[in-house]
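*Asks:* Mind looking over this structure? Questions follow.
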Amino acid sequence: MHSERLQSILAIDDDATNLRMLQEILKTSYKVYAAPSGPRALAFLERNQPDLILLDVEMPGMDGYEVIRKIKENPRLAQIPVLFLTAQVGRDKEEMALHLGAVDYILKPITSGVVRARVNLHIELENYRKRLEMLVEQKTEQLRNTQDSILDILAGVTAWRDSGTGGHIIRTTTFSRMVVDCLLEKQHPAYIISPQYGEHIVKTSKLHDIGKVAVSDTILLKPGRLTTEEFNEIKKHTTFGAHMIDDAIADLGDDSSFLHVAREIVISHHEWWNGSGYPAALAGPNIPISGRIMAISDIYDSLTSERPYKGVMSHKEAMDIIYAETGNHFDPLLIELLSDTFPKFEEVAASVHTEDPDEEPES
């Protein structure tokens with residue numbers, strides 16, 4: 001063996017002679033534990049996780065079939081390879097063992113050569129599976145880190161072009177995280193989101209204004225109020241951003257699930273619950289949950305941050321406006337669910353002291 005530790009095997013058999021024989025055959029290469037019954041084996045497995053299990057079929061009380069069923073029902077144990085040891089002969093017995101999740105079927109009386117060969121084979125296969133799983137995890141983590149870095153770069157481009165700081169992005173991303181965590185915790189039937197979808201919302205929320213890179217500097221950087229024509233132009237940042245993400249989705253195909261969430265946020269974070277928002281005048285539940293979450297995060301930060309056309313509002317002043325607009329701008333049930341989360345927004349707003357006029361002035 002080339003492992004840093006002596007790998008372990010659990011042998012389960014009601015025949016003490018067979019257990020001693022298995023220990024003798026395998027002791028030079030493995031640490032072998034013995035259990036004389038199914039219940040004793042399951043008690044051992046509650047505290048330990050061997051690398052392989054040798055399991056007798058015919059045992060009094062709890063037979064091998066019942067033991068393997070219980071092993072496979074436990075997520076912590078389900079991946080451990082199980083080899084059946086039995087005197088039963090017949091294709092139906094072998095098929096039953098394999099159907100229940102056994103990886104091999106060794107007939108008794110056992111011989112040292114067969115046991116060593118089969119055990120070594122399945123230990124090596126299990127080691128290979130673990131190495132492959134670890135490699136996949138490493139590559140997935142690398143891809144995730146690369147994805148996060150690209151998102152940060154894209155968000156940074158928007159922030160620097162618009163205002164020179166990333167405070168708005170940092171705060172709104174944090175607000176979105178708090179909202180997602182609240183929904184995952186409360187599990188309201190109207191807002192059942194998966195952890196993966198929630199994570200996509202948080203990560204891609206920083207791209208909500210990516211479309212502003214396509215807006216003229218004359219309009220984007222104009223101090224004070226915009227004309228109606230200018231405001232109509234800046235409103236196009238939602239569709240500009242969606243088109244940009246569409247191109248990326250077309251390139252990535254099935255690997256672009258997080259970009260679909262990014263597109264939802266970009267295209268819908270200025271929609272209003274009553275249908276008076278833009279760009280599609282969506283109303284009520286037709287607005288994606290991600291867009292509804294982003295709308296709350298975005299407006300709260302706009303109200304509590306200094307802008308060229310307004311001063312800083314207090315948390316109470318901002319919340320008074322948000323509650324007043326509930327049912328018009330904001331999803332009323334979502335606002336209700338967040339009642340005990342909003343006080344935490346104030347802490348975030350106070351902890352990130354940056355001035356970045358990101359939200360467009362009203363016409």
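The values are calculated or read from the model by the stated rules, or taken from the named source; none is laboratory data. Note that this is a predicted model, so its numbers are computed, not measured. Cβ coordinates were reconstructed from backbone atoms using ideal geometry, including for glycine residues, and neighbour counts include every protein chain displayed. Remember, those area values only see protein heavy atoms, side chains included, never the ligands or the DNA or RNA. Shrake-Rupley method; radii C 1.70, N 1.55, O 1.52, S 1.80 Å.
*Asks:* Specify the residue with the greatest mean-square fluctuation among Tyr191, Tyr300, Tyr30, computed from a Gaussian network of the chain linking alpha-carbon atoms under 10 Å apart.
*Replies:* In this elastic network of the chain, the residue with the biggest mean-square fluctuation among Tyr191, Tyr300, Tyr30 is Tyr30.
*Asks:* So who's got an amide H within less than 5 Å of the one on Ala11, skipping anything under 5 residues away but keeping other chains? H placed 1.01 Å off N, in plane.
*Replies:* For Ala11, whose amide H was placed from the backbone, the distant partners under 5 Å are Tyr33, Ala34, Ala35, Leu54.
*Asks:* Mean residue ellipticity at 222 nm from the helices of the chain, using -39,500 (n - 2.57) per DSSP H segment of n ≥ 4 over the full residue count, to the nearest 500 deg cm²/dmol? Write down the numbers at each step before the final one.
*Replies:* Numbers: 15 runs with 202 residues, N = 363.
After summing the helix terms and dividing by residue count, I get -18000 deg cm²/dmol.
*Asks:* Say R0 is 25 Å: what FRET efficiency, to the nearest 0.05, do Asn274 and Glu317 get from their beta-carbon distance?
*Replies:* Numbers: r = 22 Å, r/R0 = 0.90.
The value I calculate is 0.65.
*Asks:* Of Lys70/Lys93; Lys93/Lys130; Lys130/Lys186; Lys27/Lys93, which ones are farther than 25 Å apart at the Cα? The partial results should precede the final answer.
*Replies:* Working: Lys70/Lys93 19 Å; Lys93/Lys130 29 Å; Lys130/Lys186 36 Å; Lys27/Lys93 29 Å.
Correct reply: Lys93/Lys130; Lys130/Lys186; Lys27/Lys93.
*Asks:* Now for a different question. Give the shape of region 1-86 as rounded, prolate or oblate, defined through the alpha-carbon gyration tensor: a ≥ b ≥ c are the square roots of its eigenvalues, a/c under 1.5 means rounded, and otherwise the shape is prolate if a/b is larger than b/c and oblate if not.
*Replies:* On the way: a/c = 2.01, a/b = 1.19, b/c = 1.70.
Oblate, since a/c reaches 1.5 and b/c is not below a/b.
*Asks:* Before I look further, what does the chain give for accessible area per residue, probe 1.4 Å, in whole square angstrom? Intermediate values should be presented prior to the final figure.
*Replies:* On the way: 18200 Å² over 363 residues.
Here the per-residue accessible area is 50 Å².
*Asks:* Quick one: 3J(HN,Hα) in Hz for region 73-87, Karplus 6.51/-1.76/1.60 with θ = phi - 60°, rounded, Gly and Pro as x.
*Replies:* Coupling constants for region 73-87: 6, 9, x, 6, 9, 4, 7, 5, x, 10, 10, 7, 10, 7, 8 Hz.
*Asks:* Using the Karplus equation 6.51 cos²θ - 1.76 cosθ + 1.60 (θ = phi - 60°), what ³J(HN,Hα) coupling, rounded to whole Hz, does each residue of region 261-276 give in order, writing x for Gly and Pro?
*Replies:* Rounded to whole hertz, the list is 5, 4, 5, 3, 5, 4, 7, 10, 6, 10, 6, 10, 4, 8, x, 9.
*Asks:* May I pose another question? Using a cut-off of 16 Å between alpha-carbon atoms, which lysines can reach Lys212, once sequence neighbours fewer than 8 places away in the same chain are excluded?
*Replies:* Partners found: Lys222, Lys235, Lys236.
*Asks:* Based on the alpha-carbon gyration tensor of region 15-174, what equivalent-ellipsoid semi-axes (square roots of 5 times the eigenvalues) come out, in whole Å, largest first?
*Replies:* 50, 17, 14
*Asks:* Please give the Cα centre distance for region 110-150 versus region 242-299, rounded to the nearest Å.
*Replies:* Result: 39 Å between the Cα centres.
*Asks:* Roughly what would the spin-label model give for Ser351 and Gln79, points 7 Å off Cα along C-beta, in nm?
*Replies:* 3.4
*Asks:* Turning to a different aspect of this structure: Once each part is reduced to its C-alpha centroid, what is the distance from region 1-53 to region 192-223 in angstrom?
*Replies:* So the two Cα centres are separated by 56 Å.
*Asks:* Could I ask something else about it? I need the phi-derived Karplus couplings for region 129-138: 6.51 cos²θ - 1.76 cosθ + 1.60, θ = phi - 60°, integer Hz, Gly and Pro marked x.
*Replies:* Here the 3J(HN,Hα) series is 4, 5, 5, 5, 4, 5, 5, 4, 4, 5 Hz.
*Asks:* Indicate the gyration tensor shape class of region 1-47 (rounded, prolate or oblate), computed on the Cα atoms with a ≥ b ≥ c the square roots of the eigenvalues: a/c under 1.5 is rounded; otherwise a/b larger than b/c is prolate and the rest oblate. Walk me through the numbers on the way to the answer.
*Replies:* Working: a/c = 4.48, a/b = 1.36, b/c = 3.31.
Since a/c reaches 1.5 but b/c is at least a/b, the shape of region 1-47 is classed as oblate.
*Asks:* Can you figure out the FRET efficiency of Ser194 with Asp15, using R₀ = 51 Å and their beta-carbon distance, to the nearest 0.05?
*Replies:* 0.60
*Asks:* Put Phe342, Phe240 in order of accessible area, largest first, 1.4 Å probe: what do you get?
*Replies:* Numbers: Phe342 5, Phe240 60 Å².
Ranked list, largest accessible area first: Phe240, Phe342.
*Asks:* Tally up the carbon and sulfur contribution to the accessible surface of the chain as a whole percent, 1.4 Å probe, everything protein left in place. Mind showing how you got there, number by number?
*Replies:* Working: 9920 of 18200 Å².
Looking at the chain in its full context, I get 55 percent from C and S.
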